[in-house]
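Here is the structure we will look at.
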Amino acid sequence: MTSSDPVRPGDRSPDPSAVWRALGSLLAWMLLALLLRWALIEPRWIPSGSMLPTLQLKDRILVEKLSTHLGRPLSPGTIVVFHPPEILKQAGYDPNTALIKRVVAVAGDTVEVRGGQLWRNGSLAQPDWRLQAMDYQLAPITVPPGQLLVLGDNRNASLDSHLWGPLPADRVIGRAIWRYWPFNRFGPIRFSPTPAAGST
């Protein structure tokens, strides 16, 4: 073949250096994706109704993990995903599962439930992120250092701190920040004062 001959498919074998560059780029993207999932953002889905009406069954959400890795403090109102505390593991919960609840109090806060309402540091918690009055009482409890009090928004159907006590903050995986499915509820996760259409 002369220099003026046309180049046809199959005339040249792949350049080994180009192949290695492509493989290197692919590996770099895979490592970046794994790093993002481990350190920054993790997808999760909602398996129960404990966070109704804010989160519906089978909603798919994104959990932001960077602030947890950096040790930034959480505040009341934050929705967190966390590993089961020791008391739940002893009761048979898989330690690799994840639960989702809302932080209602942080270390040093004194919390109680009376008259169907949440009280924090002697005052009614406003907002308290629930749709219905609570049908249980919770004697005053001061959240210990390094711990959080977490409740489901569906207060009367939630396995949460009113049953098993404060949550060690080091069990937190990250903050639930964004719903990406279903598309008709795509966007930041916010408390909804009424259930979404079709929810039970």
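Checking each residue in the range 113-125 for being surrounded by fewer than 17 Cβ atoms within 10 Å (Cβ to Cβ) and of a type outside the set (A, V, I, L, M, F, W, C) picks out ARG114, GLY115, GLY116, GLN117, ASN121, GLY122, SER123.
LEU74 fulfils the conditions (1) part of a loop (DSSP other than H, G, I, E, B); (2) surrounded by fewer than 13 Cβ atoms within 10 Å (Cβ to Cβ) except for a single criterion, (2).
Look at VAL103 and say whether it is surrounded by 20 or more Cβ atoms within 10 Å (Cβ to Cβ) and either small (Gly, Ala, Ser) or within 21 Å of ARG72 (Cβ to Cβ) (or both). Spelling it out, VAL103 is indeed surrounded by 20 or more Cβ atoms within 10 Å (Cβ to Cβ) and either small (Gly, Ala, Ser) or within 21 Å of ARG72 (Cβ to Cβ) (or both). With respect to THR110, is the statement that it is surrounded by fewer than 16 Cβ atoms within 10 Å (Cβ to Cβ) and touching a strand residue (DSSP E or B) at 6+ places or on another chain (Cβ under 6 Å) true? Criteria met by THR110. If you go through the range 126-163 and keep only what is closer than 26 Å to GLY92 by Cα, surrounded by 17 or more Cβ atoms within 10 Å (Cβ to Cβ) and touching a residue at least 40 places away in the same chain (Cβ under 8 Å), you end up with GLN147, LEU148, LEU149, VAL150, LEU151, GLY152, ASP153, ASN154, SER158, ASP160, SER161, HIS162.
When restricted to residues that are touching a Pro at 6+ places or on another chain (Cβ under 6 Å) and at pLDDT 95 or above, the range 123-143 contains 1. Restricting attention to the range 182-194, does a residue exist that is in contact with a Phe, Trp or Tyr (Cβ under 7 Å, 6 or more places away or on another chain), surrounded by 13 or more Cβ atoms within 10 Å (Cβ to Cβ) and assigned to a strand (DSSP E or B)? Within the range 182-194 (the criterion being in contact with a Phe, Trp or Tyr (Cβ under 7 Å, 6 or more places away or on another chain), surrounded by 13 or more Cβ atoms within 10 Å (Cβ to Cβ) and assigned to a strand (DSSP E or B)), the answer is no, since none of the residues qualifies. Filtering the range 84-93 down to residues that are under 21 Å from LEU55 (Cβ atoms) and in a loop (DSSP other than H, G, I, E, B), which residue is farthest from the chain's Cα centre (by Cα)? The extreme case among them is TYR93.
The values are calculated or read from the model by the stated rules, or taken from the named source; none is laboratory data. Just so you know, these numbers come straight off a predicted model, no measurement behind them. Note that each Cβ is placed from the backbone with ideal geometry, even for glycine, and that neighbours are counted across all protein chains shown.
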